[in-house]
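What follows is a single structure, written as structure tokens, with notes after it.
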Amino acid sequence: MTTPQAQQAEAVSVDAPPRAARLTWRRFRREPLGVAALAVLVLLVIAAIAAPLLADYPAGYGDTVLAPPSGAHWFGTDSLGLDVFAEVVWGAQQSLLVAAAASLIAIVFGTLLAVIGAYFRRVDAVISVVVDLTLSLPILPLMILVAALVGPSTMTIILVIAAFSWPEVTRVVRSQALSVVRLPYVDAARLMTGSPVWIIRRHVVPAVMPLVLVSVVLTSSRAVLSAAGLAFLGLGDPNTWSWGRILYEAQQAGAMSTAWWLPLFPSLAIFLLVLASTLLSTAYNDARNPRRNK
Amino acid sequence: MSLFLFVLKRVGRGLLTLWFAVTVTFLLLRLLPGDPALAVANPNMTRETRAALLTQYGLEESLPVQYVKYLWQLLQGNLGISFHQNTEVTTVLMERLPWTLLLAASSLLVTVVVGIPLGVLAASRRGGLWDRFVQIVAVTGQSLFVPSLGILLLYVFGLQLNWFPIGGAYTDGTYGGEWYLSVISHLVLPCLSLVFAQLGAYVLTMRSSLIDALGEDYVVLANANGLPARRVLWKHALRNALLPTTTLVGLQLGFVVGGAVLIETVYAYPGIGRGIYEAVTQLDFPVLQGAFLLLAVTVVAVNMITDIAYGILDPRVKAAS
């Protein structure tokens, strides 16, 4: 049995992390831009999940071609007469799915490599060279080459984006992990256990977690831009609507110049998502570390 | 001597990056399902035709042999034959490269010329209205999808106001000075799109590094000595704050190239990017491969030059490496 003091100490140590999180949350709530950004992101996610309820899947041909926005078609219709609102809503689903899946893979892989590299210095040399080399190459043309070779599908796009997004995650997380590994409590843990896996899981990963959270948001928003870029060049999944594909189809049909609503609404969707992600991550950083800003 | 070593190191790094790019490309081409021989050939071809094609492309040999041959060909500047146009990829791409370079370089120049004063303005009026405004412009530019920006400018200034042409790089049938003028007027909109997309990074970096510099002891001393505030800002603080902005040129290069690829597609600008777009539609793998390698060489070369310039400007960098 443990003594009351020990029990109390344990209770405090268990309580500590949520208290820090609550403090961050309380500061975060006072930042109007951050809260607005979070609201926009939540709305976009809800729209993506509820796409089947909001609009019928746009397929086939519609009756009125290139109609401007009206009560019947909020965002107008495209050159096949399809409802642009439905395309944007269903596009949100595809775009967010790609972003979530690609950034999840990139984050897990990138964080793992960063943490392992920080802990085992011999592996680190190889990892950091690969990261440096990949980051100094023009990534979009490389993604285009791979996507064209494999053939466009949702899976291809997710994997291609993930494959070239992890180095950025590793670069960011690695520098933080390196400074954590040098801290005395990690040395103390080394004396206590021979298991690096335990030390990494118990000490290094929690220490880099806030950075990883920010990375999730930023990597996803960059993934949306990359996916839109690939789709805009004709490398999107031809069977599903995405924001990039709406722009691509409009460009192919030569309708950009006459129908302003065709490029406007998917562009706004991408803009809102990326802007909200940027503002959210800035607000979160400020709330966590209030001294850093002013 | 130490400068020589520093330059040598950077050149070696550049060559290593290029070798990495080439090897990745080779592995992608050989290991991914889009078999180049299958891509050119009719699906109904006989086994003999397929075998002949494999021999022609050197695909029946072992991977290491293919790799050495691939490297050897690249060293001679041979990027293969375009599937679609049946001409050398090098010729096709070299015709397009100057346009992409013009677009990227002009956008970089305008970004630096506009971005640095804006960053200084924001930093010197920190927390004020101008600071807010500049930050909003910067973050907006960074959040826009580059083609969206291109389409917006095209719609407003090309189609509605009719100030600038909406596609291509020059007007056919013009000569001499008139031709140069048409090149500039065709360049304005795609260039401005890229400027707006890049501006945020420069403005925000300039702003934060100048704010840091303004907090340094030597600035406090200069102010205490009664030097005019403008002189302290522009002469003392800015000089030191400029260095991190110089490194941005190298860091942002990959992004600029990606942006140029997309913007050239919007404006039908005859550079490498438009070439990539056309090659994607025709599944012209040699062109895609060559375009990536050529852009990689360009990016690595410019990166190397900015790195070396940075090392000369700031002796600490040279000493640290």
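The values are calculated or read from the model by the stated rules, or taken from the named source; none is laboratory data. Just so you know, these numbers come straight off a predicted model, no measurement behind them. So basically every Cβ, Gly included, is an ideal-geometry build from the backbone, and we count neighbours across all protein chains shown. Keep in mind that these areas ignore ligands, DNA and RNA; they rest on the heavy atoms of the full protein, side chains included. Shrake-Rupley method; radii C 1.70, N 1.55, O 1.52, S 1.80 Å.
Farthest toward the positive end of the dipole of the protein assembly as shown, out of B:Leu221, B:Tyr277, B:Val114, is the Cα of B:Leu221, where the dipole comes from beta carbon charges about the Cα centre. Take A:Phe271: with every protein chain present and a 1.4 Å probe, its accessible area is about 40 Å². Angle of helix B:47-56 to the longest C-alpha principal axis of chain B, folded into 0 to 90 degrees and rounded to 10: 50°.
Each residue of the range B:139-146 was assigned a 3J(HN,Hα) from its phi angle through the Karplus expression (A = 6.51, B = -1.76, C = 1.60, θ = phi - 60°), giving 5, 4, x, 5, 8, 7, 6, 3 Hz with x at Gly and Pro. A compact globular protein would have a Cα radius of gyration near 2.2 N^0.38 Å; the ratio found for the range B:95-319 is 1.17.
Charges were assigned to the Cβ only: +1 to each Lys and Arg, -1 to each Asp and Glu. The resulting dipole of the protein assembly as shown about its Cα centre is roughly 2780 debye.
Can you give the net charge of the other residues whose Cβ lies under 15 Å from the Cβ of B:Ala138, counting K and R as +1 and D and E as -1?
Values: positive: B:Arg125, B:Arg126, B:Arg132, B:Arg207; negative: B:Asp131.
With Lys, Arg at +1 and Asp, Glu at -1, the neighbours total +3.
Rounded to the nearest 10 degrees, the inclination of helix B:2-31 to the longest alpha-carbon principal axis of chain B is 40 degrees.
Working from Cα positions, state the angle (0 to 90°, nearest 10) between the long axis of helix B:285-313 and the longest principal axis of chain B. With both axes taken from Cα atoms, the answer is about 30 degrees. When the Cα atoms of the protein assembly as shown are aligned to their principal axes, the ranges along those axes come out at 82, 61, 61 Å in descending order. A run of chain B free of exposed loop cleavage sites, with GluC sites (Glu not before Pro) counted only in DSSP states other than H, G, I, E and B and at most 14 other beta carbons within 10 Å, reaches its longest extent at B:62-215.
Give, as a single signed number, the net charge of other residues whose beta carbon lies under 14 Å from the beta carbon of B:Thr87, with Lys and Arg counted +1 and Asp and Glu -1. Result for the local shell: -3. Shielding value for B:2-11 is 0, the average number of Cβ atoms from other chains within 10 Å of each residue's Cβ. Each listed q (0.09, 0.13 Å⁻¹) maps to a log10 I(q)/I(0) for chain A, found by the Debye formula over equal Cα scatterers with no solvent: -0.56, -0.98. Taking a Cβ cut-off of under 15 Å around A:Asp56, the surrounding Lys, Arg, Asp and Glu residues balance to a net charge of -4, with basic ones at +1 and acidic ones at -1. For the options B:Val256, B:Val114, B:Val24, a Gaussian network treatment of chain B with springs between C-alpha atoms closer than 10 Å singles out B:Val24 as fluctuating the most.
Per-residue mean of foreign Cβ neighbours for B:134-141 is 1 (Cβ atoms of other chains, 10 Å radius).
Positive end of the dipole of chain A (Cβ unit charges, origin at the Cα centre): among A:Trp90, A:Leu275, A:Gly110, the Cα lying farthest that way belongs to A:Gly110.
In percent, rounded to a whole number, the relative contact order of chain B is 25, using alpha-carbon pairs under 8 Å and six or more apart. Counted as membrane-span-like here are DSSP H helices of chain A whose alpha-carbon atoms extend 24 Å or more along the helix's own axis and whose Kyte-Doolittle mean is -0.5 or above; these are A:32-49, A:84-119, A:154-181, A:205-232, A:261-288. Of the chymotrypsin sites (Phe, Trp or Tyr not before Pro) found in the range A:59-112, those that fall in a DSSP loop while having at most 14 other beta-carbon atoms within 10 Å are A:Tyr61.
Per residue of B:287-293, other chain Cβ atoms within 10 Å of the residue Cβ number 5 on average.
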